[in-house]
Amino acid sequence: MTSGLPVAAQPLSPEADEAQVPFTQTTEAAPPAQSLEELGEEVVVTDATGLPAPQPGAEAYPVPADGIYRVTGGGFGHRIGMSQWGAHGAGLQGRTHEQILAFYYPGTRVETRPNRTLRVGITIDNDGTTQVSHRTGLRVGAAPGGTTYALPEGRSQWRVRATGSAATSCVLEGYNGSSWSAHWPSGLSRRCPITFSSPGEGTVDLRLPGGSQRVYRGAVTATHTGSATLTTVNHLPMQQYLRSVVAAEMGPSFHPEALGAQAVAARTYAERSQSASSYDICDTTWCQAYRGRGQRNTDGTITSYEYGPNTSAVDATAGKVLTFGFPNGRRLATTMYSASTGGQTIASGNGHDYLRAQVDPYDSTAANPRHRWNAQLPVSALQQRYGIHRVERVQVLTRDGVGSWGGRVLTARVEGFTSDGRYTYAHATGNGLMQSRYWPTWSTGLSSDYFTFGTPAEDPAPDGPVRLAGTDRYGTAARVATQWPSGLEVVYVVSGMTYPDALAASARAGTYDAPVVLVRPDGIPGATAQALSTLRPNRLVIVGGDDAVQADVRTALRGYARSGVVDRVAGTDRYGTAAALSGYYPAGVARVVLTSGQDFPDALSGAAVANGQGVPLLLTRQGELPGATVEALRRLRPREVVVIGGTEAVSAAAERQAAGLATQGSRRLSGTSRYDTAQEVAATFPRDTDPAVVALGSDFPDALAGAALAGRSDAPIVLTPGDRVHGGTGQALRHLRPSQMYVVGGTGAIPDTVLRTLGDYLR
């Protein structure tokens, strides 16, 4: 794989199209390639004769009575970047291909580049020779683009083979129906590379091991790479290559905008795959699925591997690629994709900030058979894979903390006994457990490492709201934080007892796509400690002074940061703290969100907006701007100030004062109540915004954590009373028309009756 990263798992077409789309299933029918983390699996035999107590904090699953684990999971493939089924779902919801790409590769930019010729390694031609069928007009030359020579009639086939380690050992031979004989057109150099082309038809029929004929556009080259085993390389224009790739990766029944997104992603991936080796990119799903123009039938006709809708998408997006502003300059993005994310993407890491972990609301489309799946994992399959005579228990030790069930399985332990009764166990990973019985080789198999054993109560029904809750405010904030990936850069820590510092932290967290967790002034609650252990941030930032989070708590927090760094941002008061956080933003920002520092509801709405847009949140008194806020506005020089809340929260005089410090003045978003103000904010977001994040409007802690979650999805926070759905709440949800909803807080805050009513607003 030329990129060094895993790439697309081939999606399934809807059943109605399976007959029309002859997908090659050999790649998916074989077990996925062993990952690096898989290499550490080993079986450990001890002298014990009984099962020990489970590992602290592990999920322990004894073998069911019938010897078959029932498994619930989601997704198919590596789940990094774009979901192909999600792109289809997004297209059905009215998203353009550029909007789809912006969602799955946030921070990238669409650019146009000229079409170029691509070198594709035809790895399915693996017999060491390059053999083509003769046809009138077939020509041969050295490297593509050079002088070509006509090949004579009287041969039905041509082949190139090598007899040694030098390129001069290559031999061009023709087959006359009974024997092969060498033939070198006068003027053709007697060495590799040797290239076949047909200028009149623009295709070459390559004969594959086993006798079938595959039609390839462009030219086919026999390439010598230092041994007698030749490599076959297809040279063709990018647009012609993509006709086959997009058709191989997505069936023609996928939404046209999804096909457009796939075309741009595939073009970007291919452009980025330029190599100094014998070819730029290969023809399998380790690179991108590529099958050429079609299959040549015995009657001379072609079974096409290109389809009209897919070709139209390739043509409509001609030259479009995605780039990203890396620290060393803007370059092509690595546009990874897989069939289905299961509703939650995972981060790639390695500096690919646009391949982030995020909720994927589009993956849950009716046509997707792998968004949620039920599987069976027999004990016999585990025994065979791990070499354990009798398996008795599986423990899930760690997960990545992203999505349902605590995220994908990272490490596990398969336990049992040897034939002579000694306790033994094997180190395992989620990928290894999946490989024990993988789909689609087994119709009831597993198709990703994102799963849980059984059907847990917290597994949300895809058609209803998802409740994110803990036993208290600290547990709820910790539960919300599980929507972020493990190993992230930073987590913001604030007091769970007061709101002002926390509001500014929730707004600032969007700059780093970071969650906000709560602590007590004098201690770290257990739920927070568990969340930080799972998140494994590089560093922590406390927002607020020693009165909010004491010095000994800061010391204790260092153990949860990989770097040991725990920073503190604080001012002399709530206004100074918000101003201090704004110091991290450059001058000339697009806007500043200004809201009351004397109450929390309007500021919660503002925090979500500031988080999602990556702009600062400043606080003010009702009648006039505090000095710290004025100084911050003077330094920031924003284009506009957006005031959240009515004049009883931020007076007209305070707004005029702020507007005078912005180059284009101010605007106000407000309603007659906190719920109506939140509705006015929601109205500034486009329809079909996903997901909706709903929290209690009469207290701050749950909505505070929810505002950070809403901001990372570029969605508003919608506030509701605890006993009903307020009119403003309903109006906001009718405008947003979400297909997915998170309700933050337990049943004590938002009862199930209210949650069910909120579900009525899902489209």
Pick out, from segment 208-249, the strands (runs of 3 or more DSSP E) lying fully within it that include 1 or more residues that are farther than 21 Å from LEU172 by Cβ. 213-217, 231-237
Among the residues of segment 138-147, are any of a type in the set (Val, Ile, Thr), under 47 Å from the mean Cα position of the chain (by Cα) and within 17 Å of GLU201 (Cβ to Cβ)? yes
So which residues in segment 128-181 are assigned to a loop (DSSP other than H, G, I, E, B), in contact with a strand residue (DSSP E or B) (Cβ under 9 Å, 6 or more places away or on another chain) and either among the β-branched types (Val, Ile, Thr) or buried (at least 17 other Cβ atoms within 10 Å of the Cβ) (or both)? THR129, HIS134, LEU138, ALA142, PRO144, THR147, LEU151, ARG155, THR163
Can you confirm whether THR334 is closer than 20 Å to ALA90 by Cβ and buried (at least 17 other Cβ atoms within 10 Å of the Cβ)? no
Among (1) outside the structural domain of GLY401 (by TED's automatic domain parsing); (2) outside any strand (DSSP E or B); (3) touching a strand residue (DSSP E or B) at 6+ places or on another chain (Cβ under 6 Å), where does ARG330 come up short? (2)
Quick one: in segment 290-318, of everything that is within 27 Å of the chain's Cα centre (by Cα) and over 19 Å from HIS255 (Cβ atoms), which residue is surrounded by the fewest Cβ atoms within 10 Å (Cβ to Cβ)? ALA318
In the list ARG155, ARG113, which residue meets the criterion of being among the charged types (D, E, K, R), more than 24 Å from THR225 (Cβ to Cβ) and under 49 Å from the mean Cα position of the chain (by Cα)? ARG113
Considering (1) out of contact with any Phe, Trp or Tyr (no Cβ under 8 Å at 6 or more places or on another chain); (2) under 19 Å from THR203 (Cβ atoms); (3) outside any helix (DSSP H, G or I), say which one GLY292 fails and leave the rest. (1)
Condition set of a type in the set (A, V, I, L, M, F, W, C) and out of contact with any strand residue (DSSP E or B) (no Cβ under 7 Å at 6 or more places or on another chain), scope segment 447-470, selection modelled with the lowest pLDDT: answer is ALA457
Could you say which residue among VAL681, VAL694 is among the hydrophobic types (A, V, I, L, M, F, W, C), within 33 Å of the chain's Cα centre (by Cα) and farther than 27 Å from THR345 by Cα? VAL681
Taking segment 406-439 and keeping residues in contact with an Asp or Glu (Cβ under 7 Å, 6 or more places away or on another chain) and within 30 Å of PRO691 (Cα to Cα) leaves GLY407, ARG408, VAL409, LEU410, GLY430, ASN431, MET434
Which condition from (1) touching a strand residue (DSSP E or B) at 6+ places or on another chain (Cβ under 7 Å); (2) farther than 29 Å from VAL517 by Cβ is the one that ALA708 breaks? (2)
For the list (1) under 26 Å from SER277 (Cα atoms); (2) at pLDDT below 95; (3) within 44 Å of the chain's Cα centre (by Cα), I need the number of the one condition that GLY200 fails. (1)
Any chance VAL743 is in contact (Cβ under 8 Å) with a residue 12 or more places away in the chain, crowded, with 24+ Cβ neighbours inside 10 Å and not in a helix (DSSP H, G or I): yes
Let me spell it out: the conditions are (1) assigned by TED's automatic domain parsing to the domain that holds GLY94; (2) modelled with pLDDT under 95; (3) among the charged types (D, E, K, R), and ASP315 meets all of them except one. Which number is the exception? (2)
Of the residues ALA339, ALA261, ALA270, ALA265, which single one is of a type in the set (Gly, Ala, Ser), in contact with a strand residue (DSSP E or B) (Cβ under 6 Å, 6 or more places away or on another chain) and more than 27 Å from ALA219 (Cβ to Cβ)? ALA339
Looking at (1) at pLDDT 85 or above; (2) closer than 25 Å to SER651 by Cα; (3) not hydrophobic (A, V, I, L, M, F, W, C), can you tell me which one GLY697 breaks? (1)
I need every pair where a residue in segment 88-117 that is farther than 14 Å from HIS255 by Cβ has its Cβ under 7 Å from the Cβ of a residue that is among the aromatic types (Phe, Trp, Tyr), sequence separation at least 6 or different chains. TYR105/TYR354; PRO106/TYR354; GLY107/PHE324; GLY107/TYR354; THR108/PHE324; THR108/TYR354
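So that you can scan it fast, the table gives a plain yes or no per residue for (1) small (Gly, Ala, Ser); (2) touching a residue at least 40 places away in the same chain (Cβ under 8 Å):
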position: VAL641; (1), (2): no, yes
position: VAL693; (1), (2): no, yes
position: GLY697; (1), (2): yes, yes
position: ARG724; (1), (2): no, no
Segment 42-126: strands (runs of 3 or more DSSP E) wholly inside it with 1 or more residues that are closer than 30 Å to GLN383 by Cα and not assigned by TED's automatic domain parsing to the domain that holds GLU257 are 43-45, 59-62, 68-73
Would you mind listing the strands (runs of 3 or more DSSP E) fully within segment 363-444 where at least 1 residues are of a type in the set (Asp, Glu) and outside the structural domain of VAL480 (by TED's automatic domain parsing)? 390-399, 409-417
Taking segment 182-221 and the residues there that are surrounded by fewer than 17 Cβ atoms within 10 Å (Cβ to Cβ) and of a type in the set (Ser, Thr, Tyr), the one that is farthest from ASN234 (Cα to Cα) would be SER186
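The values are calculated or read from the model by the stated rules, or taken from the named source; none is laboratory data. Predicted, not measured: the structure shown is a model, and the values here were computed from it. Neighbour counts are summed over all protein chains in view; Cβ atoms, including those assigned to glycine, are modelled from backbone coordinates with ideal geometry.
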